[in-house]
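Data first, discussion second: the structure below is written as C-alpha coordinates.
The values are calculated or read from the model by the stated rules, or taken from the named source; none is laboratory data. Here the structure is a predicted model, which is why all the values come from computation and not from measurement. In this analysis, Cβ positions are derived from the backbone assuming ideal geometry, glycine residues included, and neighbour counts consider all displayed protein chains.
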Amino acid sequence: MTVPVEPPPTPWAFPPVDQADDSGLVGVGGDLEPGTVLAAYRHGLFPMPVGGRRPLGWWSPDPRAVIPLDGLVVTRSLRRSVRRYELRVDTAFEAVIDACGDPRRPHGWITPEVRAAYVRLHDLGWVHSVEAWSREDGTLAGGLYGVALGGLFAGESMFHRRPDASKVALVGLVEMLREAGAAGRLLDVQWSTPHLSSLGAVEVPRAAYVRDVRAAVEMPPPPAFAR
(Lines give C-alpha, C1' and ligand atoms only; values in the text may rest on other atoms or scores of the structure.)
Protein backbone atom coordinates (compact mmCIF):
# COMPACT_ATOMS: atom_id res chain seq x y z
CA MET A 1 0.00 0.00 0.00
CA THR A 2 1.26 3.45 -0.89
CA VAL A 3 1.46 5.70 2.16
CA PRO A 4 0.05 9.21 1.70
CA VAL A 5 2.69 11.94 1.77
CA GLU A 6 2.61 13.93 5.02
CA PRO A 7 2.97 17.63 4.17
CA PRO A 8 4.83 20.22 6.27
CA PRO A 9 2.88 21.09 9.44
CA THR A 10 0.63 24.11 9.53
CA PRO A 11 1.85 27.29 11.24
CA TRP A 12 -1.71 28.04 12.36
CA ALA A 13 -3.36 27.12 15.66
CA PHE A 14 -7.09 26.48 15.54
CA PRO A 15 -9.37 27.75 18.30
CA PRO A 16 -11.02 25.04 20.41
CA VAL A 17 -14.05 23.64 18.59
CA ASP A 18 -16.31 24.38 21.54
CA GLN A 19 -15.81 28.07 20.78
CA ALA A 20 -17.86 27.70 17.60
CA ASP A 21 -20.86 29.96 17.14
CA ASP A 22 -24.37 28.61 16.68
CA SER A 23 -23.75 27.95 12.98
CA GLY A 24 -20.68 25.85 13.73
CA LEU A 25 -18.16 28.49 12.62
CA VAL A 26 -14.99 28.24 14.72
CA GLY A 27 -12.76 30.76 12.99
CA VAL A 28 -12.03 32.73 9.83
CA GLY A 29 -8.79 33.11 7.89
CA GLY A 30 -5.69 30.96 7.60
CA ASP A 31 -4.82 29.13 4.41
CA LEU A 32 -5.59 25.99 2.43
CA GLU A 33 -2.11 24.50 2.49
CA PRO A 34 -2.18 20.69 2.79
CA GLY A 35 -0.83 20.70 6.34
CA THR A 36 -3.46 23.19 7.45
CA VAL A 37 -6.36 21.30 5.92
CA LEU A 38 -5.27 17.94 7.34
CA ALA A 39 -4.75 19.46 10.79
CA ALA A 40 -8.28 20.82 10.65
CA TYR A 41 -9.83 17.42 9.91
CA ARG A 42 -7.76 15.80 12.65
CA HIS A 43 -9.25 18.33 15.08
CA GLY A 44 -12.84 17.84 13.94
CA LEU A 45 -13.04 20.88 11.64
CA PHE A 46 -13.40 21.38 7.91
CA PRO A 47 -12.88 24.40 5.64
CA MET A 48 -15.68 26.09 3.74
CA PRO A 49 -15.99 29.68 2.59
CA VAL A 50 -18.35 31.81 4.63
CA GLY A 51 -21.42 32.77 2.64
CA GLY A 52 -20.53 30.30 -0.10
CA ARG A 53 -17.53 32.14 -1.59
CA ARG A 54 -15.39 34.21 0.83
CA PRO A 55 -13.81 34.56 3.36
CA LEU A 56 -12.46 31.14 4.34
CA GLY A 57 -14.18 29.67 7.38
CA TRP A 58 -13.37 26.69 9.60
CA TRP A 59 -16.42 24.77 10.79
CA SER A 60 -17.33 22.23 13.45
CA PRO A 61 -21.13 21.87 13.61
CA ASP A 62 -22.93 20.71 16.72
CA PRO A 63 -24.51 18.28 16.19
CA ARG A 64 -22.41 16.62 13.48
CA ALA A 65 -23.93 14.34 10.85
CA VAL A 66 -22.42 10.91 10.24
CA ILE A 67 -23.58 7.79 8.42
CA PRO A 68 -23.08 4.68 10.57
CA LEU A 69 -21.52 1.99 8.42
CA ASP A 70 -24.15 -0.48 9.59
CA GLY A 71 -26.95 2.05 9.11
CA LEU A 72 -26.87 2.94 5.42
CA VAL A 73 -30.39 2.70 3.99
CA VAL A 74 -30.33 0.78 0.71
CA THR A 75 -33.79 0.45 -0.81
CA ARG A 76 -34.82 -2.26 -3.23
CA SER A 77 -34.73 0.20 -6.12
CA LEU A 78 -31.24 1.37 -5.13
CA ARG A 79 -30.05 -2.24 -5.09
CA ARG A 80 -31.29 -2.54 -8.67
CA SER A 81 -29.50 0.68 -9.58
CA VAL A 82 -26.19 -0.68 -8.25
CA ARG A 83 -26.16 -3.18 -11.12
CA ARG A 84 -26.33 -0.38 -13.71
CA TYR A 85 -23.01 1.18 -12.70
CA GLU A 86 -19.37 0.21 -12.40
CA LEU A 87 -17.58 1.58 -9.34
CA ARG A 88 -14.08 2.98 -9.64
CA VAL A 89 -11.76 4.82 -7.26
CA ASP A 90 -9.58 7.78 -8.25
CA THR A 91 -9.80 7.29 -12.01
CA ALA A 92 -11.38 10.72 -12.67
CA PHE A 93 -10.87 12.80 -9.55
CA GLU A 94 -10.74 16.18 -11.25
CA ALA A 95 -13.86 15.38 -13.27
CA VAL A 96 -15.68 14.53 -10.03
CA ILE A 97 -14.66 17.69 -8.15
CA ASP A 98 -15.49 19.80 -11.20
CA ALA A 99 -18.96 18.25 -11.41
CA CYS A 100 -19.47 18.84 -7.68
CA GLY A 101 -18.35 22.43 -8.13
CA ASP A 102 -20.45 23.18 -11.20
CA PRO A 103 -21.40 26.87 -10.78
CA ARG A 104 -24.91 26.09 -12.01
CA ARG A 105 -25.57 24.07 -8.86
CA PRO A 106 -27.33 25.97 -6.07
CA HIS A 107 -25.41 26.91 -2.92
CA GLY A 108 -22.04 26.30 -4.56
CA TRP A 109 -18.99 26.67 -2.32
CA ILE A 110 -16.17 24.98 -4.26
CA THR A 111 -14.16 28.03 -5.24
CA PRO A 112 -11.07 27.79 -7.47
CA GLU A 113 -8.98 28.00 -4.29
CA VAL A 114 -10.87 25.13 -2.66
CA ARG A 115 -10.61 23.06 -5.83
CA ALA A 116 -6.86 23.61 -6.05
CA ALA A 117 -6.41 22.64 -2.39
CA TYR A 118 -8.23 19.33 -2.72
CA VAL A 119 -6.55 18.45 -6.01
CA ARG A 120 -3.23 18.96 -4.25
CA LEU A 121 -4.33 16.76 -1.36
CA HIS A 122 -5.47 14.15 -3.87
CA ASP A 123 -2.02 14.21 -5.48
CA LEU A 124 -0.51 13.61 -2.01
CA GLY A 125 -2.82 10.63 -1.43
CA TRP A 126 -5.23 12.09 1.16
CA VAL A 127 -8.32 12.85 -0.93
CA HIS A 128 -10.17 10.30 -3.04
CA SER A 129 -13.06 10.02 -5.45
CA VAL A 130 -15.53 7.16 -5.67
CA GLU A 131 -17.10 7.11 -9.12
CA ALA A 132 -20.15 5.45 -10.69
CA TRP A 133 -19.66 4.76 -14.38
CA SER A 134 -22.56 3.79 -16.63
CA ARG A 135 -22.40 0.19 -17.85
CA GLU A 136 -24.59 1.26 -20.75
CA ASP A 137 -22.27 3.76 -22.43
CA GLY A 138 -19.17 3.97 -20.22
CA THR A 139 -19.68 7.59 -19.14
CA LEU A 140 -19.16 9.06 -15.69
CA ALA A 141 -22.66 9.12 -14.21
CA GLY A 142 -22.01 10.31 -10.68
CA GLY A 143 -19.67 10.20 -7.74
CA LEU A 144 -18.35 11.72 -4.56
CA TYR A 145 -15.07 12.81 -3.06
CA GLY A 146 -13.70 13.25 0.42
CA VAL A 147 -10.73 13.21 2.76
CA ALA A 148 -9.43 9.85 4.00
CA LEU A 149 -7.45 10.06 7.22
CA GLY A 150 -6.93 6.58 8.63
CA GLY A 151 -10.37 5.39 9.67
CA LEU A 152 -12.05 8.73 8.96
CA PHE A 153 -13.65 9.46 5.61
CA ALA A 154 -14.91 13.03 5.53
CA GLY A 155 -17.33 13.29 2.63
CA GLU A 156 -17.15 16.66 0.92
CA SER A 157 -19.58 16.61 -2.00
CA MET A 158 -21.38 14.35 -4.43
CA PHE A 159 -23.09 14.69 -7.80
CA HIS A 160 -25.13 12.69 -10.27
CA ARG A 161 -25.96 12.90 -13.95
CA ARG A 162 -28.11 9.78 -13.99
CA PRO A 163 -30.62 8.43 -11.48
CA ASP A 164 -29.15 7.08 -8.24
CA ALA A 165 -25.54 7.37 -9.48
CA SER A 166 -24.33 9.37 -6.46
CA LYS A 167 -26.16 7.02 -4.11
CA VAL A 168 -24.48 4.05 -5.79
CA ALA A 169 -21.10 5.70 -5.20
CA LEU A 170 -22.04 6.09 -1.53
CA VAL A 171 -23.04 2.42 -1.32
CA GLY A 172 -19.67 1.53 -2.78
CA LEU A 173 -17.82 3.76 -0.33
CA VAL A 174 -19.57 2.21 2.65
CA GLU A 175 -18.70 -1.28 1.39
CA MET A 176 -15.04 -0.26 1.06
CA LEU A 177 -14.98 1.07 4.61
CA ARG A 178 -16.74 -2.02 5.95
CA GLU A 179 -14.27 -4.32 4.21
CA ALA A 180 -11.46 -2.55 6.06
CA GLY A 181 -13.17 -3.34 9.38
CA ALA A 182 -16.05 -1.13 10.37
CA ALA A 183 -15.34 -0.82 14.10
CA GLY A 184 -14.09 2.66 14.94
CA ARG A 185 -14.35 4.04 11.41
CA LEU A 186 -16.27 7.24 10.74
CA LEU A 187 -18.13 8.43 7.66
CA ASP A 188 -18.61 12.14 8.23
CA VAL A 189 -21.18 14.07 6.16
CA GLN A 190 -20.94 17.36 8.08
CA TRP A 191 -24.54 18.69 8.30
CA SER A 192 -27.72 16.64 8.21
CA THR A 193 -30.13 17.17 5.32
CA PRO A 194 -33.40 15.39 4.48
CA HIS A 195 -31.59 13.64 1.61
CA LEU A 196 -28.77 12.38 3.85
CA SER A 197 -31.23 11.41 6.59
CA SER A 198 -33.09 9.27 4.07
CA LEU A 199 -29.83 7.42 3.46
CA GLY A 200 -29.29 6.76 7.17
CA ALA A 201 -27.37 9.80 8.39
CA VAL A 202 -27.69 10.51 12.11
CA GLU A 203 -26.59 13.41 14.28
CA VAL A 204 -24.06 13.07 17.08
CA PRO A 205 -22.87 15.68 19.60
CA ARG A 206 -19.75 17.58 18.56
CA ALA A 207 -17.82 16.40 21.61
CA ALA A 208 -18.49 12.76 20.76
CA TYR A 209 -17.54 13.31 17.14
CA VAL A 210 -14.23 14.99 18.03
CA ARG A 211 -13.43 12.19 20.49
CA ASP A 212 -14.14 9.54 17.86
CA VAL A 213 -12.11 11.38 15.22
CA ARG A 214 -9.02 11.31 17.41
CA ALA A 215 -9.25 7.52 17.56
CA ALA A 216 -10.29 7.02 13.93
CA VAL A 217 -7.39 8.92 12.37
CA GLU A 218 -4.95 6.54 14.07
CA MET A 219 -6.42 3.53 12.24
CA PRO A 220 -4.98 2.12 8.99
CA PRO A 221 -6.63 3.43 5.83
CA PRO A 222 -8.90 1.21 3.72
CA PRO A 223 -7.02 -0.87 1.14
CA ALA A 224 -9.40 0.47 -1.51
CA PHE A 225 -7.57 3.81 -1.36
CA ALA A 226 -4.11 2.30 -1.93
CA ARG A 227 -2.29 3.49 -5.02
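Applying a threshold of 9 Å to beta carbon distances and a minimum spacing of six or more residues, or different chains, the list of pairs starting in the range 1-25 at a residue that is without any contact (Cβ under 8 Å) to a residue 40 or more places away in the chain and ending at one that is surrounded by fewer than 12 Cβ atoms within 10 Å (Cβ to Cβ) reads Trp12/Gly29. Listed by first and then second residue, the pairs linking a residue in the range 29-47 that is under 26 Å from Ala208 (Cβ atoms) to a residue that is of a type in the set (Ser, Thr, Tyr), with Cβ atoms under 7 Å apart and 6 or more places separating them unless they lie on different chains, are Gly30/Thr36; Thr36/Thr10; Ala39/Thr10; Gly44/Ser60; Gly44/Tyr209; Leu45/Ser60. Pairing residues of the range 162-183 that are hydrophobic (A, V, I, L, M, F, W, C) with residues that are modelled with pLDDT under 95, at Cβ distances under 6 Å and at least 6 apart in sequence or on separate chains, gives Met176/Pro222; Met176/Ala224; Leu177/Pro222; Ala180/Pro222.
Having 2 or more residues that are hydroxyl-bearing (Ser, Thr, Tyr) is the bar; report the helices (runs of 4 or more DSSP H) wholly within the range 117-227 that clear it. Show your work before the answer.
Numbers: elements: 165-179, 194-198, 206-216.
Filter on the range 117-227 gives 194-198.
Quick check: is even one residue across the range 95-105 touching a Phe, Trp or Tyr at 6+ places or on another chain (Cβ under 6 Å), outside the structural domain of Ala141 (by TED's automatic domain parsing), of a type outside the set (A, V, I, L, M) and within 27 Å of Ala165 (Cβ to Cβ)? No - not one qualifying residue is present in the range 95-105. For first residues located in the range 98-123 and on the phi < 0 side of the Ramachandran plot, partners that are small (Gly, Ala, Ser) and in a helix (DSSP H, G or I) and lie 6+ apart or on another chain with Cβ distances below 8 Å form the pairs Gly108/Gly52; Trp109/Gly52. Between Val189, Val174, Val204, the distinction of being in the same structural domain as Ser81 (by TED's automatic domain parsing), within 27 Å of Trp58 (Cα to Cα) and in contact with a helix residue (DSSP H, G or I) (Cβ under 7 Å, 6 or more places away or on another chain) belongs to Val189 only.
Does at least one position in the range 127-135 carry a residue that is at pLDDT 95 or above and surrounded by fewer than 18 Cβ atoms within 10 Å (Cβ to Cβ)? Show your work before the answer.
Of the residues in the range 127-135, the ones at pLDDT 95 or above are 127-135.
Keeping just the survivors that are surrounded by fewer than 18 Cβ atoms within 10 Å (Cβ to Cβ) gives 134-135.
So far as the range 127-135 goes, yes, one or more of its residues are at pLDDT 95 or above and surrounded by fewer than 18 Cβ atoms within 10 Å (Cβ to Cβ).
Only a single item in (1) over 18 Å from Val189 (Cα atoms); (2) in the same structural domain as Tyr209 (by TED's automatic domain parsing); (3) of a type in the set (Gly, Ala, Ser) is not met by Gly108, and it is number (1).
Residue-by-condition table, conditions (1) under 17 Å from Pro68 (Cβ atoms); (2) at pLDDT below 95; (3) buried (at least 20 other Cβ atoms within 10 Å of the Cβ):
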residue	(1), (2), (3)
Gly155	yes, no, yes
His160	no, no, no
Leu186	yes, no, yes
Val202	yes, no, no
Ala208	yes, no, no
Ala215	yes, no, no
